[in-house]
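Report on the following structure.
The values are calculated or read from the model by the stated rules, or taken from the named source; none is laboratory data. Quick caveat: nothing in here was measured; it's all calculated off a predicted structure. With ideal geometry, Cβ positions are generated from the backbone for all residues, glycine too; neighbour counts draw on all protein chains shown. All accessible areas refer to the heavy atoms of the entire protein, side chains included, with ligands and DNA or RNA removed. Shrake-Rupley method; radii C 1.70, N 1.55, O 1.52, S 1.80 Å.
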Amino acid sequence: MRNVKWRQAAGMLAAVVSLSLACPADAVAQMGGGGMGPPGGGKGGPPPGGPPPGGGPRRGGPPGKAKGDEFNPAAFSCFDYTSGLGETSTNRLRSIIARVWIQGNLTGLHRANGDLAFSDNAADRAALTDQLDASCRAFPTASILTAGVIALSKQPLKMPDEIFGGVKVNDYTCEAHLAAKSGGAGDAIKSDIAEMWSFAFIQGYKLAKAPDVVVPMEAKPLLVNAVLKACSSSRTSSLLDVTALVAERVKLQ
């Protein structure tokens, strides 16, 4: 599997290319590219003693926050992640979302590479989280995006068949997702997390052919809206299949 190379400088994307969405609706978003290196330096990474991947000055708020106080994997550090794993941590929800994001990202990457395999085995889920935890503890100042994707994309890991909280990848239909969006507070949280997974899937899917490109958080509303439009006309399809369709039709220019 390809080694994903990245570069981040002061939390800003190094280059911008345009993204067109042919289905289910034409639209334009912005994507950033660049060559971030592996955690700890190396080609494309920061020099020894310099700011780690995902480090340096940040704009737009504290780590892990984007516009609207939304989780941002490029700004959420490994230290933030590991410190949020405790049962009573105030950062626990964001750490859970970080795992969902990594899982979605890797699912998209493996789907695009044609080697996606799901498992309902607890040992396979543990293998994924253990690798992520170990990577983050080794590089606490790296972003969860950098440490997670670089370390895990090269591992022969099976993806858990559950996104979170009993939501199964192959069973979670567009009908169920659209119903959750119009449901109560608990359902709304579920739909928000599922949409973060969907956005991460698209990012991972594009990495298979364009490993130097990062889809910024600013593109999330556009891409999620595309998934929702596709879902509204294919309610019995799984969110997985509809997200894959949208990811396939996202074109880099």
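So, residue 134, is that one part of a helix (DSSP H, G or I) and over 16 Å from the mean Cα position of the chain (by Cα) or not?
So residue 134 fits the description; yes.
Taking residue 89, is it hydroxyl-bearing (Ser, Thr, Tyr), within 17 Å of residue 147 (Cβ to Cβ) and surrounded by fewer than 19 Cβ atoms within 10 Å (Cβ to Cβ)?
Criteria not met by residue 89.
Pairs, please: C-beta under 9 Å, at least 6 apart or cross-chain, first residue over 10 Å from residue 77 (Cα atoms) and without any contact (Cβ under 8 Å) to a residue 60 or more places away in the chain and in the stretch 135-148, second open to solvent by 10 Å² or more (accessible area, probe 1.4 Å) and of a type outside the set (A, V, I, L, M)?
Matching pairs, first to second residue: 137/82.
Failed condition for residue 100, given (1) more than 16 Å from the chain's Cα centre (by Cα); (2) assigned to a helix (DSSP H, G or I), with all others met?
(1)
Taking only the stretch 190-214 into account, find how many residues are among the β-branched types (Val, Ile, Thr) and either assigned to a helix (DSSP H, G or I) or within 19 Å of residue 99 (Cβ to Cβ) (or both).
2
Which residues, taken from the stretch 116-131, are without any contact (Cβ under 8 Å) to a residue 40 or more places away in the chain, over 18 Å from the mean Cα position of the chain (by Cα) and open to solvent by 70 Å² or more (accessible area, probe 1.4 Å)?
Residues satisfying the conditions are 121, 122.
Can we say residue 212 is among the charged types (D, E, K, R), open to solvent by 10 Å² or more (accessible area, probe 1.4 Å) and modelled with pLDDT under 90?
Yes; evaluated as a whole, the condition is true for this residue.
Please enumerate the residues belonging to the stretch 123-149 that are in contact with a Pro (Cβ under 9 Å, 6 or more places away or on another chain) and of a type in the set (A, V, I, L, M).
128, 138, 142, 144, 145, 147, 149
For the stretch 230-240, give me each residue that is outside any loop (DSSP other than H, G, I, E, B) and surrounded by fewer than 17 Cβ atoms within 10 Å (Cβ to Cβ).
232
So residue 172 passes all but one of these: (1) open to solvent by 10 Å² or more (accessible area, probe 1.4 Å); (2) modelled with pLDDT of 95 or more. Which condition number does it fail?
The failed condition is (2).
What's the number of the only condition in (1) within 18 Å of the chain's Cα centre (by Cα); (2) modelled with pLDDT of 90 or more that residue 177 fails to meet?
(1)
If you take the residues in the stretch 215-226 that are under 20 Å from residue 111 (Cβ atoms) and either assigned to a helix (DSSP H, G or I) or not β-branched (Val, Ile, Thr) (or both), which one is farthest from the chain's Cα centre (by Cα)?
Checking each candidate, the answer is 226.
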